[in-house]
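> Just passing along the structure, written as structure tokens.
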Amino acid sequence: MADPKLPARRVRIPEIRAGQFRERYPVPTGFAPRGDSAPGRHPLLEVFRGLENTVPFRKYPGDDAKILAAAHETWAEITRGPGYMYVAPPRTPPEIRAAGFRMVETREDVIVVGESHLRNSPRMDVYLDVIHEFLHILQRRQGRVIWPSAKLSYVDRPTEIEAYSFSIAEARRLGVPDSYLRRYLQAPWASKSENLRLLRNVGVSPPSTRR
């Protein structure tokens with residue numbers, strides 16, 4: 001879902017259809033993403049209403065006032081067509097261009113959100129994604145590199161493991177089981193072995209191999 005490191009092959013990012021998923025687990029009361037947000041750039045907290053009042057927001061590392069200020073300074077850019085969420089880089093990494101995917105490019109703090117994902121994905125997925133992506137914004141403000149060399153697999157990046165682990169901890173606090181998290185963590189730009197390694201890296205049990 002977040003900040004994909006794509007292999008040097010064409011990757012199809014699916015467009016989420018209305019009614020494709022059903023809501024299985026409720027998000028925290030007060031978190032109300034605006035699924036009707038028009039394509040374009042909006043203040044983050046206007047699209048993801050109530051984000052600043054959630055438990056994870058209070059757990060982000062750093063000064064609370066500075067974190068809230070960062071949220072007010074961050075944009076959500078809604079894009080048409082398929083896509084999940086990612087933090088916009090200054091330039092699209094070469095391996096992502098090679099996979100046929102051109103990213104929104106900016107030096108500002110922008111979380112890019114696929115319109116179909118915002119409107120049609122389960123709210124739990126959207127919630128876990130945005131708390132993950134905002135942690136990337138904070139990581140970058142700390143001077144950390146969230147788009148390292150392509151030689152380091154997406155599933156092994158310290159910033160990704162940290163952000164996924166943060167979201168997984170919140171999901172478990174809300175009673176979301178590993179069976180749901182395995183589906184949530186499936187990255188279409190990663191190989192089967194990489195997806196299994198991501199599960200291991202963030203402490204989610206792999207699927208049963210029993211027949």
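> Have a look at Ser205, Ser191, Ser165, Ser179 and point out the one that is without any contact (Cβ under 8 Å) to a residue 12 or more places away in the chain and among the hydroxyl-bearing types (Ser, Thr, Tyr).
Ser179
> Hey, could you check segment 78-123 for residues that are among the acidic types (Asp, Glu) and within 15 Å of the chain's Cα centre (by Cα) and say which is modelled with the highest pLDDT?
Filtering first and then ranking leaves Asp109.
> From the list Ser165, Ser149, exactly one residue is modelled with pLDDT of 95 or more, closer than 29 Å to Arg200 by Cβ and either of a type outside the set (A, V, I, L, M) or touching a Lys or Arg at 6+ places or on another chain (Cβ under 9 Å) (or both). Which is it?
Ser165
> Within the group Pro56, Pro43, Pro39, Pro7, which residue is touching a helix residue (DSSP H, G or I) at 6+ places or on another chain (Cβ under 9 Å), modelled with pLDDT under 95 and surrounded by 12 or more Cβ atoms within 10 Å (Cβ to Cβ)?
The conditions single out Pro7.
> Scan segment 114-137 for residues that are out of contact with any Asp or Glu (no Cβ under 7 Å at 6 or more places or on another chain) and within 17 Å of Ile13 (Cα to Cα) and report the count.
10
> Does Val27 meet the test of being at pLDDT 95 or above and assigned to a loop (DSSP other than H, G, I, E, B)?
yes
> Separate question: Among the residues of segment 127-154, write down those that are crowded, with 23+ Cβ neighbours inside 10 Å, touching a strand residue (DSSP E or B) at 6+ places or on another chain (Cβ under 7 Å) and aliphatic (A, V, I, L, M).
Across segment 127-154, the qualifying residue is only Val130.
> Restricting the search to segment 62-75, which residues are within 22 Å of Ser165 (Cα to Cα), in a helix (DSSP H, G or I) and small (Gly, Ala, Ser)?
Ala70, Ala71
> Just need a number here: residues in segment 120-133 that are part of a helix (DSSP H, G or I) and over 10 Å from Tyr164 (Cα atoms).
Of the residues in that region, 7 qualify.
> Yes or no: segment 50-61 includes at least one residue that is assigned to a loop (DSSP other than H, G, I, E, B) and in contact with a strand residue (DSSP E or B) (Cβ under 9 Å, 6 or more places away or on another chain).
Yes, some residue in segment 50-61 is assigned to a loop (DSSP other than H, G, I, E, B) and in contact with a strand residue (DSSP E or B) (Cβ under 9 Å, 6 or more places away or on another chain).
> Condition first: surrounded by fewer than 23 Cβ atoms within 10 Å (Cβ to Cβ) and among the hydrophobic types (A, V, I, L, M, F, W, C). Now tell me which residues in segment 86-111 satisfy that.
The answer is Ala88, Ala98, Ala99, Phe101, Met103, Val104, Val110.
The values are calculated or read from the model by the stated rules, or taken from the named source; none is laboratory data. What you see is a predicted model, and the numbers here were worked out from it, not measured in a lab. Backbone-built Cβ (ideal geometry, glycine too); neighbour counts: all protein chains shown.
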